[in-house]
């Protein structure tokens, strides 16, 4: 089940015009979630449902396993463009800093219209937090 989260407390944020099927604007969708997530059927079903309702032109994800790999796999099967970002662990180490910096980089460089967050850990929570702070619509999949 998806839950809409917004920056406006108590109010639902309207869906941007770029997201409605039939509008010419591109919808860039950032998918995030845990490396240990393996439920391909659930992820595919959620993305199929959202893609049927909105225009997905690019799927953006980190370059890790789990949700990232499944989302990129789904996009390629749909013929949707993909963009992958990897954490720079060699530069920043594996302390969590690399993930937070990658999240900031992904948001700044890819400029998503929506973030779909599947179950994950600290880095997933951080991505949702950064996206909300940037005014990006965040949908969580439980």
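Just checking, which of 45, 81, 26, 41 is more than 18 Å from residue 118 (Cα to Cα) and modelled with pLDDT of 95 or more?
81
Can you confirm whether residue 31 is in contact with a strand residue (DSSP E or B) (Cβ under 8 Å, 6 or more places away or on another chain), touching a residue at least 40 places away in the same chain (Cβ under 8 Å) and not in a helix (DSSP H, G or I)?
Yes; evaluated as a whole, the condition is true for this residue.
For (1) surrounded by 16 or more Cβ atoms within 10 Å (Cβ to Cβ); (2) under 13 Å from the mean Cα position of the chain (by Cα); (3) touching a residue at least 24 places away in the same chain (Cβ under 8 Å); (4) not in a helix (DSSP H, G or I), each residue gets a yes or a no:
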{"site": "43", "(1), (2), (3), (4)": "yes, yes, yes, no"}
{"site": "69", "(1), (2), (3), (4)": "yes, yes, no, no"}
{"site": "76", "(1), (2), (3), (4)": "no, no, no, no"}
{"site": "98", "(1), (2), (3), (4)": "yes, no, no, no"}
{"site": "103", "(1), (2), (3), (4)": "yes, yes, yes, no"}
{"site": "128", "(1), (2), (3), (4)": "yes, yes, yes, no"}
{"site": "131", "(1), (2), (3), (4)": "yes, yes, yes, no"}
{"site": "140", "(1), (2), (3), (4)": "yes, yes, yes, yes"}
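The values are calculated or read from the model by the stated rules, or taken from the named source; none is laboratory data. Only a predicted model underlies this, so the values are computations on that prediction, with no experimental measurement involved. Note that each Cβ is placed from the backbone with ideal geometry, even for glycine, and that neighbours are counted across all protein chains shown.
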